[in-house]
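Have a look at this one before I ask anything.
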């Protein structure tokens, strides 16, 4: 544990936080009201039903400019988060190894992690707005979309409240994938046709993220017997269930979107 504290201090010295990252810590407030995520998700799901019923007899709105702005802002936010988090987690990984990043809570008390984990949690509420654009533009709303949005918010709130170290990787990987994904959405909204390979890359990275998340959860559970290694059976159970369902859903989406159309096209040509 002394080594963990030393590494945490060493990394913070090396990875100096910016002034805005030293801002007032919202952790006590967010920890106290973490269960608010449940009514938020319930309202979100109810608004989906209300919104779809409202739009049934109406023509879809264009919303091109608001969508460009929305996607662009989320892309910039995700890029900044990815740069800071990958840099920080990479420094902890290089100095202390993988076990250090998934077991010990010390690095969670650094200004950089405190700031970005707080903003990350709040961003999961903001990102629910993605669904509003789908409904108002009368685009098909698939199960994986609303299931992923609602469960990620609940899981992030739960992990944040419990100060689970493995959540550092969940946040880091999510920022990385979202940096590419929202950049892609910005281009698409601006009528710039990005290559299909980019869309395939994003889904592939999402599948990889779920696989790595499950492995990290498993390693944390194996290492939990060691002194100072912090996790709970409850967190392991929920993280494994969620990562498994995400993996299945994203793999299914990849197959339906990119593999089946190719097979159909081949069959037609034959």
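The values are calculated or read from the model by the stated rules, or taken from the named source; none is laboratory data. Bear in mind the structure is a predicted one, so any value in this text is a computation, not a measurement. Virtual Cβ from ideal backbone geometry, glycine too; neighbours counted across all protein chains shown.
When you look at residue 83, is it free of Cβ contacts under 8 Å to residues at least 40 places away in the same chain and closer than 30 Å to residue 19 by Cβ, yes or no? Can you show your working first?
Working: free of Cβ contacts under 8 Å to residues at least 40 places away in the same chain: yes; closer than 30 Å to residue 19 by Cβ: yes.
It is true that residue 83 is free of Cβ contacts under 8 Å to residues at least 40 places away in the same chain and closer than 30 Å to residue 19 by Cβ.
Restricting attention to region 141-152, which residues are touching a residue at least 24 places away in the same chain (Cβ under 8 Å) and either under 19 Å from residue 166 (Cβ atoms) or not in a loop (DSSP other than H, G, I, E, B) (or both)? Break it down stepwise before answering.
Kept after step one, since they are touching a residue at least 24 places away in the same chain (Cβ under 8 Å), are these residues of region 141-152: 141-144, 146-152.
If the condition is that a residue be touching a residue at least 24 places away in the same chain (Cβ under 8 Å) and either under 19 Å from residue 166 (Cβ atoms) or not in a loop (DSSP other than H, G, I, E, B) (or both), then 143, 144, 146, 147, 148, 149, 150, 151, 152 are the ones that fit.
Please go through region 86-116 and give me each residue that is in a loop (DSSP other than H, G, I, E, B) and free of Cβ contacts under 8 Å to residues at least 40 places away in the same chain, ordered by number.
Going through region 86-116, the residues in a loop (DSSP other than H, G, I, E, B) turn out to be 97, 104-105, 110.
If the condition is that a residue be in a loop (DSSP other than H, G, I, E, B) and free of Cβ contacts under 8 Å to residues at least 40 places away in the same chain, then 97 is the only one that fits.
Would a scan of region 117-131 turn up a residue that is assigned to a helix (DSSP H, G or I) and more than 16 Å from the chain's Cα centre (by Cα)?
No - not one qualifying residue is present in region 117-131.
Let me ask something additional. Return yes when residue 96 is at pLDDT 90 or above, buried (at least 21 other Cβ atoms within 10 Å of the Cβ) and under 19 Å from residue 11 (Cα atoms) and no when it is not. Walk me through how you get there before you give the answer.
Working: at pLDDT 90 or above: no; buried (at least 21 other Cβ atoms within 10 Å of the Cβ): yes; under 19 Å from residue 11 (Cα atoms): yes.
When the stated conditions are applied, residue 96 does not pass them.
Do any helices (runs of 4 or more DSSP H) entirely within region 1-66 hold 2 or more residues that are modelled with pLDDT of 95 or more, exposed (fewer than 14 other Cβ atoms within 10 Å of the Cβ) and touching a strand residue (DSSP E or B) at 6+ places or on another chain (Cβ under 9 Å), and if so, which?
Those helices (runs of 4 or more DSSP H) do not exist here; none qualify.
Can I ask one more? Residue check, residue 138 against (1) closer than 20 Å to residue 51 by Cβ; (2) in a helix (DSSP H, G or I), all met but one. Which one?
Going through the list (1) closer than 20 Å to residue 51 by Cβ; (2) in a helix (DSSP H, G or I), residue 138 breaks only (2).
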